[in-house]
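Taking it in order: structure first as structure tokens, then the write-up.
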Amino acid sequence: MSGYRTHFVIYGASALGLTYLLFRTGYISGVNPELVLAFILGLLYSILPDIDTPASKTREYVSKLLLASVMLCLLSYTFVEPNLKLLYLSFAIAVFLYLLWFTKHRGIFHTIYAGLFLSLPLYLISPIYALYAFTGFASHLLADGKLF
Ligand SMILES: [Zn+2]
């Protein structure tokens with residue numbers, strides 16, 4: 001198993017290559033806040049596949065973040081606005097957290113399909129976010145020998 005530092009280094013090299021390609025093709029013309037945020041998203045996605053490892057830092061932080069999101073949704077529903085979407089969202093997150101207990105290491109989260117499924121929603125915000133996120137995810141699979 002590669003440590004998160006290894007994943008960061010491999011992602012950094014991949015992101016540099018991607019950035020060079022985007023500059024050369026004229027898709028981006030300079031460093032801007034969107035590019036910096038895309039790079040950071042890719043960095044986070046480069047360790048996301050290890051969410052299937054119960055002892056990993058990724059699992060620990062993502063679980064805490066999602067649990068806090070559930071609590072925030074429920075508090076908002078109770079004290080701010082009784083919008084049913086908040087209940088549905090908290091239920092969906094809770095089900096996701098529950099299902100994480102049954103994932104096996106280097107299982108579904110270590111596939112290119114999971115990378116596509118988790119990166120594509122970012123395309124709705126910005127194509128460059130999805131591109132860097134997917135690059136981060138794919139670089140993790142490459143380091144783990146699970147890309148092909
Ligand atoms: Zn991994």
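Taking interchain pairs and intrachain pairs at least six residues apart, which have beta carbon atoms under 6 angstrom, with the first residue in the stretch 82-104 and surrounded by 13 or more Cβ atoms within 10 Å (Cβ to Cβ) and the second modelled with pLDDT under 90?
none
Might you let me know whether the stretch 25-44 holds any residue that is surrounded by 14 or more Cβ atoms within 10 Å (Cβ to Cβ) and not in a helix (DSSP H, G or I)?
Within the stretch 25-44, one or more residues are surrounded by 14 or more Cβ atoms within 10 Å (Cβ to Cβ) and not in a helix (DSSP H, G or I).
Looking at the stretch 70-89, is at least one residue closer than 30 Å to residue 10 by Cβ and among the polar types (S, T, N, Q)?
No, that holds for no residue.
Residue by residue, here is whether (1) touching a residue at least 24 places away in the same chain (Cβ under 8 Å); (2) within 14 Å of the ligand (Cβ to nearest atom) holds:
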site: 34; (1), (2): yes, no
site: 38; (1), (2): yes, no
site: 52; (1), (2): yes, yes
site: 57; (1), (2): yes, yes
site: 63; (1), (2): yes, no
site: 70; (1), (2): yes, no
site: 74; (1), (2): no, no
site: 80; (1), (2): no, no
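Could you check the stretch 1-24 and list, in sequence order, the residues that are surrounded by 13 or more Cβ atoms within 10 Å (Cβ to Cβ) and more than 16 Å from the ligand (Cβ to nearest atom)?
12, 15, 18, 19, 22, 23
The values are calculated or read from the model by the stated rules, or taken from the named source; none is laboratory data. It should be emphasised that the depicted structure is a prediction, and the values quoted were computed from it without experimental measurement. Quick reminder, even Gly has a Cβ in these numbers, built from the backbone with ideal geometry, and neighbours come from all protein chains shown.
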